[in-house]
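The structure under discussion appears below in the form of structure tokens.
The values are calculated or read from the model by the stated rules, or taken from the named source; none is laboratory data. Treat the numbers as computed from the prediction; the structure is a model and nothing was measured. Only protein heavy atoms, including side chains, enter the accessible area calculation; ligands, DNA and RNA are left aside. Shrake-Rupley method; radii C 1.70, N 1.55, O 1.52, S 1.80 Å.
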Amino acid sequence: MKQIMLVEDEVELAELVKDYLEAAGFEVSMFHDEQAAYDAFNHKKPSLMILDLMVPRMDGLTICRKVREQSDLPIIMVTARTEEIDRVLGLNMGADDYVCKPFSPKELVARVQAVMRRLERKAEPETVDLFRIDAAQQRIWYQQKALSLTPTEFRLLELFLEHVGHVYSRTQLLDHINPDSYEVADRVIDSHIKNLRRKISDAAETGNRHEWIQAVYGVGYRFEYPDE
């Protein structure tokens, strides 16, 4: 059974989320301050952490950074703060997803299940083999078809394929394709993503029209395998 570490200082909300997670088949351990959660993490590694950004004793960004220094444990960050900069900071610290309060417990359970599916798919070579990268030639194949990519498109798609499910802000993607840091509008990323989506779609077999590169509202983009 998958073990979820739930770090939430609102006791009633934590109990409600715990009930929904257990009904979905997860085992849940609850913590109401992050120092206790971090201490427990060091003794028993869970399958996933749901982490409130604003809880006592150690803030969520700090514990996220500390956990990420030691582990690739999936982290879903929860907060009442809705500014874009907070979402980007959380994701830059290593969170895998972000939920803003108020939220539906059903939505949170669905996000937990989606993160778990992404981890399972990363371990499935038959799925990963849908795409093949040749870094030396700077070429990528999808379903055995070579994609006609510009150098910038290659760098973006290579990054997404190597970090499936990770959310990247437009600024992070610009830094990746533009290491010399000359000034470029971050919306140029949207144009590159549009072109990548079209090229993958054109190479897809009939009936297989999944949108591999998905927008994350207010943050950026991530590469996502289709639900089965």
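So if each residue of separation counts as 0.36 nm, and I subtract the Cα-Cα distance between Cys100 and Glu69, what length gain in nm does that give?
Using 0.36 nm per residue and subtracting the Cα-Cα distance, I get 8.7 nm.
Across Met93, Met1, Met116, the residue with the most accessible area heads the list, and the full order at a 1.4 Å probe is Met1, Met93, Met116.
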